[in-house]
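Notes to accompany the following structure.
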Amino acid sequence: MLSYRNSASLASIKGPQEPACKNNGTFVITGPNSFICKCPENTFGADCSVILTCEVGNCGSNATCTIFNNKKICTCLPGYTGNPNVACNIRTKTACVSGDPHYTTFDGAVFDYMGTCPYYLMKPCNSNSFSVIATNALLPNNPSVSTLKEFTLKIQGHEFKVNFNLQLFVDGINSNYPYYWPSKVNPKIIATKPTNAVYIHDNFTGAVFTYYQHFLCAEIPEFPSSFYGNDTMCGLWGNGNNICTDDIQAQNGVNFSVPSSCIVHTNLSATYLMDTWVANNVVDSCIPGGSLLTNTICNTTLAQTQCDLILQAIINTGPFAACSGMNRKVLEARYHDCTYDICSGMSRCDALNDFAHHCTVAIPFVNIAGWRSISNCSFPKCPPHSKYSMKTPKCQKSCSDLNYDRSSSCQDGYEEGCICDANYFYDANGDNTTEFQFMCRLQADCGCVDPNGNYHRPNEYKLQNNCTLATTCINGSLTSEPHACSINGQCAIINGSPTCQCRSGYIGDGYNCTDINECLNPNMCGANLGQGICTDLPGAYECTCYSPYSGLQCENYTPSRHCADLQLFHGVTENGTYSISIDANYNSNMTDEDLTWIEVFCDMESNGGGWTLMAHGNESGGKTFNDYVNGFGDPISLNVWLGLENIHSMTTTTPTSLRVVLEQCATETYPDETEECIYPFFKVSDLKTQYSVFINSSSTCNGTTSESQKRFDGWISWNPSKIGPKFSTFDKKHEYNCSSKYFNTGWWYYKNGNNLCGNANLNGLRYPCGRNVGQDMYLTWNRNPIADAYMYLRPYGFPNYDYHYTNDPAAQLLLMNK
C-alpha cells in the first residue's frame, strides 16, 4: 500500500511576486498569474519547507522506507508481499521470460525455448480455470531465433491480452489504461501502464504480472496454496515445489532431469517436452520449439565483452552494482542470456535494457540511473511535454486521476521512462496518431472517466454491452445513449472494437442488412452441373442434392447402388449391413429421399471387398415366385435372397461378376474345405423372360486353387453363348417339376441329359454332410451335395467400373460411353 504524510507537494501560488522556495525548491511559472514551487523529492509543502526523513517504525515488518516523489513510501522487501504499512509477511516467488527468450521458473530452473506457437507458462494441472499463455515471434534479422511477442492472462472468467505494442484487450476488446474490473471502487483485477511497462494485479490471489516488450514476470504469493506443489500448477514456469530439478515436465508427466545447478539453457530433449505445452499449434503457421532449436555460432569473446557490465555487477561494481542483491547465481544466468542474445542478433543496448528490467523488478528503488550514460546507450524518445528520466514515478498525475501521484491505490516506485512536464497529465493510451504509446496532456485536453472508474480517450466513440450502448467522450464529458444493430445484424469484435455487422447471408453496414440471394450464382449447389438445386432462405440458402451427389455444395459423387459403391465412394471398409438403392435412376433429378432403399450385407474384406450378398441361408424352401421376385430374409443374419428384380437391376445397369463361395462336404477324394470361384460376367433378365440367367460364353467359374479347379465349372450345362434357363419355383413350374424335387426351392433349373434339373442348385436346403440318402435333393454343385454356399455380386472390372473413380483417361472415356 502507498504511504505518505502530506497530500501537497507542489503548491500553486498566486501573486505578482516570486515566492521564496525553500530547501532548493525551484520556482516555476505555470500561467499568467500562476506559480508553483517544484520541490526536491525529499521535501514537500507549498514552499518546500518540510524535509522528509525515514525513521524506525515508519513501515511494517519486512518492509523498507524510501523517500521519493515528495513522499515517504513503504515497500515490501524482495520476496515478500502484504500491506507494507502494516506487515509484509507473505513470501512470494517470481518466474520470468525475457530476451531470445530465456526462462526462469518459480524454483529457479533456467532454460531457453524458441517455439512460436502460443504456449502455457502457467495453468492448473487439472483444470482450465486460470492460465498464462505467451507467444513468441521470430526475430526479423535471425529467423531461427524468437522473442516474446505477447501474453494472455485468463483469470476470474475473463481474458486479458497485452500485445507487443502494450495494447490491452479485455475479452477481445481494445481497452484503455488504467482498467479496473469490475470497478475502481471494488477492483478484483487492475491493469495499469505507468511508463513503458504494463502491470496486471489480481487482487483475489495477490499475483502481479509485469510486462515490457520482450519481457514478462509473474510474482505470486505462497498463499493461496493453489499456486504451488506437484500436480497443482503446470506449464513452462514449473510447479513451485521448491525443487528446480523437476521443473521441465511434459503434459503427460514425463520429466526432464534438470541438473542440481538448475541450469539447462538449450537442450533438444527438454524442448520436445516443452512443446507439449503448446496451446494452439495451427495459429499463424507457428513453429514448435523442437523445429527451431539451433546452435548459435558467433564471436563469444566479443559478445561477453559487450555484456561486461553485468559481469561487473557480480562483484558489486559498475553502473549495475546495486543489482548485486539479485545474488550471484541469478546474475550469472543473466550474463549468459546477454551473451546468447547478442550472438543471436540482439543489440547490446537492448540486451542491457532487458537486464535492467530484471533488476528493477527484483529490487524496488534500485539505483542504476547511470547505466545508459556509461554504456553509451541512447535515451529513448519522449512525446511532447515530457522528458526522459531514469527515475520516472509509477504514480504520476494522470488524466484518469488528477491526483494519482497521491492516490492510495497506487504503490509508487520508479523505473526508466518519460515524466510529464509541470501542469501536464499522463495519458497512458496516446492517441493512435503518433509513434508514442502515451501522451502528456493539459487537463482541458484529457478524456473522461466512466462510473466504473475506467478511462475513455478524448473524442473516443465506443460501443459497449454487446453494442446496445454507445458512449462518446467530448470535452471531458462522457455521454451514453442506447444503440442497436440491424435485426439481421450482430455485434462482433473486429480489430478489438465492438462493431455492428450483418449476419452471414446478409449484406450492408450492420444497421441496414439486405438478404443475399446466393442462388443467383449458377454454380451454387452444383446447379450448373445438374447435381443439385439451390433454394434461397432469409440469410441463408439450402442445397438439395440430386442423387448420387452429396456435400454442402453437392460436390461429392456418392452413389449407393451396391456395396462396391459404398467402399469406393463412401469409404466403408468393414463387413456389415448397409443401405443401398439398387434401382436408382441417377438421371431423373431424384433426391436420396425419393429413392427406394434396401438393407444388404456387404463383404468388404474378402477378395478385394465391395461384394453384395445375393443369396445365402436355409430359408429358401416353400417360397413363391413372387417371394423370389421381391426377395426375402434377413441380411443381418446372412439368411437372405436379394430378389430377382433387384438382381436384374444390378446386373443390367452395370456389367457384373458373380462370386460363388462353397463349403464342401468331405469325400474320399476331397477334404472338408471352403472354395470359391468367380463368373466374370453374370446377368439376369427381366420378368418377360422369367428372369432367365445369362453367363457370357467366355465366362467360366474358375477356382482359386489348382485342386478346386477340378470341381469347376459346377453349374453351367447349357450353351453359354445363349441365354440360360428361366427361374422356376413350385408355383412357376419347370417342365420336370424340379422345385418340388428340391423341397420347393426356386432356381434356374435346366435339363442336362439324364439330369433333368441341371448340375447345381445353390438355393437348395443345406445338406447334412455324412448322409447318403437324397443327396440330389439338397444344395448341390456339380451334381454333388455341398454343406453351404454364398453368392455375391460386384461390378465387373472393380474398382475401375465407374469413370468417376478411375484416373485413366482412356478408361474414363470408355466407361462414360457405356
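When both residues are 6+ apart or on different chains and their Cβ atoms are under 7 Å apart, which pairs have a first residue that lies in the range 724-746 and is touching a residue at least 40 places away in the same chain (Cβ under 8 Å) and closer than 16 Å to L779 by Cβ, and a second that is in a loop (DSSP other than H, G, I, E, B) and of a type in the set (D, E)?
Listed pairs, sorted by first residue: none to list.
Can you confirm whether the range 434-441 contains a residue that is loosely packed, with under 15 Cβ neighbours inside 10 Å, touching a His at 6+ places or on another chain (Cβ under 7 Å) and either assigned to a helix (DSSP H, G or I) or not assigned by TED's automatic domain parsing to the domain that holds E41 (or both)?
no
Quick one: is I315 among the β-branched types (V, I, T) and in contact (Cβ under 8 Å) with a residue 12 or more places away in the chain?
no
Could you say which residue among S183, S146, S129 is part of a loop (DSSP other than H, G, I, E, B), touching a residue at least 12 places away in the same chain (Cβ under 8 Å) and either in contact with a Ser or Thr (Cβ under 9 Å, 6 or more places away or on another chain) or surrounded by fewer than 21 Cβ atoms within 10 Å (Cβ to Cβ) (or both)?
Result of the check over S183, S146, S129: S183.
Name the residues in the range 365-410 that are assigned to a loop (DSSP other than H, G, I, E, B), touching a Pro at 6+ places or on another chain (Cβ under 9 Å) and not small (G, A, S), would you?
Answer for the range 365-410, where residues must be assigned to a loop (DSSP other than H, G, I, E, B), touching a Pro at 6+ places or on another chain (Cβ under 9 Å) and not small (G, A, S): I368, K394, C395, Q396, C399, D401, C410.
With (1) within 37 Å of the chain's Cα centre (by Cα); (2) surrounded by fewer than 24 Cβ atoms within 10 Å (Cβ to Cβ) as the list, and A95 as the residue in question, which single condition is left unmet?
(2)
Please go through (1) within 20 Å of C410 (Cβ to Cβ); (2) modelled with pLDDT of 75 or more for L2 and return the number of the only condition it doesn't satisfy.
The number of the failed condition is (2).
If the Cβ limit is 6 Å and pairs must be 6+ apart or interchain, which residue in the range 371-392 that is in contact (Cβ under 8 Å) with a residue 12 or more places away in the chain and farther than 15 Å from F425 by Cα pairs with which residue that is acidic (D, E) and surrounded by 15 or more Cβ atoms within 10 Å (Cβ to Cβ)?
So the pair list comes out as M390/E416.
Taking into account only those residues within the range 311-349 that are under 38 Å from the mean Cα position of the chain (by Cα) and of a type in the set (V, I, T), which is surrounded by the most Cβ atoms within 10 Å (Cβ to Cβ)?
Per the stated criteria, the residue is I342.
So, of the residues in the range 662-697 that are at pLDDT below 95 and of a type in the set (A, V, I, L, M), which turns out to be surrounded by the fewest Cβ atoms within 10 Å (Cβ to Cβ)?
The selected residue is A666.
From the list N744, N754, pick out the single residue that is in the same structural domain as W641 (by TED's automatic domain parsing), surrounded by fewer than 23 Cβ atoms within 10 Å (Cβ to Cβ) and closer than 12 Å to G621 by Cβ.
Step by step, each of N744, N754 is checked, and only N744 is in the same structural domain as W641 (by TED's automatic domain parsing), surrounded by fewer than 23 Cβ atoms within 10 Å (Cβ to Cβ) and closer than 12 Å to G621 by Cβ.
Scanning for something modelled with pLDDT of 90 or more and over 16 Å from G714 (Cα atoms), does the range 765-777 turn up at least one residue?
Looking for residues that are modelled with pLDDT of 90 or more and over 16 Å from G714 (Cα atoms), one finds at least one in the range 765-777, hence yes.
Tell me, which residue of the range 477-532 that is among the small types (G, A, S) and part of a strand (DSSP E or B) is surrounded by the most Cβ atoms within 10 Å (Cβ to Cβ)?
Checked the range 477-532; the qualifying residue surrounded by the most Cβ atoms within 10 Å (Cβ to Cβ) is G532.
When the residues of the range 243-258 are filtered to those that are surrounded by 16 or more Cβ atoms within 10 Å (Cβ to Cβ) and without any contact (Cβ under 8 Å) to a residue 24 or more places away in the chain, which remaining residue is nearest to N230 (Cα to Cα)?
The extreme case among them is D246.
How do the strands (runs of 3 or more DSSP E) wholly within the range 12-118 filter down when requiring 1 or more residues that are under 30 Å from S285 (Cα atoms) and touching a strand residue (DSSP E or B) at 6+ places or on another chain (Cβ under 6 Å): which remain?
87-98, 102-104, 110-112
List pairs: first residue in the range 354-367 and more than 14 Å from D341 (Cβ to Cβ), second residue part of a loop (DSSP other than H, G, I, E, B) and not aliphatic (A, V, I, L, M) anywhere in the structure, Cβ distance under 8 angstrom, at least six positions apart or on different chains.
Between residues of the range 354-367 that are more than 14 Å from D341 (Cβ to Cβ) and residues that are part of a loop (DSSP other than H, G, I, E, B) and not aliphatic (A, V, I, L, M), the close pairs are C359/F320; A362/P78; I363/P78; P364/P78; P364/G413; F365/G413.
Quickly run through the range 442-458 and pick out the residues that are part of a loop (DSSP other than H, G, I, E, B), touching a Leu at 6+ places or on another chain (Cβ under 9 Å) and closer than 17 Å to Q396 by Cα.
Residues satisfying the conditions are C446, G447.
I'd like the full set of residues that are within 23 Å of C602 (Cβ to Cβ) and surrounded by fewer than 16 Cβ atoms within 10 Å (Cβ to Cβ), limited to the range 616-631.
N618, N630
Within the range 757-797, take every residue that is more than 17 Å from E676 (Cβ to Cβ) and in contact with a Ser or Thr (Cβ under 7 Å, 6 or more places away or on another chain) and give me the one that is surrounded by the most Cβ atoms within 10 Å (Cβ to Cβ).
N761
The values are calculated or read from the model by the stated rules, or taken from the named source; none is laboratory data. These figures come from a predicted structure and were not determined experimentally. Cβ coordinates were reconstructed from backbone atoms using ideal geometry, including for glycine residues, and neighbour counts include every protein chain displayed.
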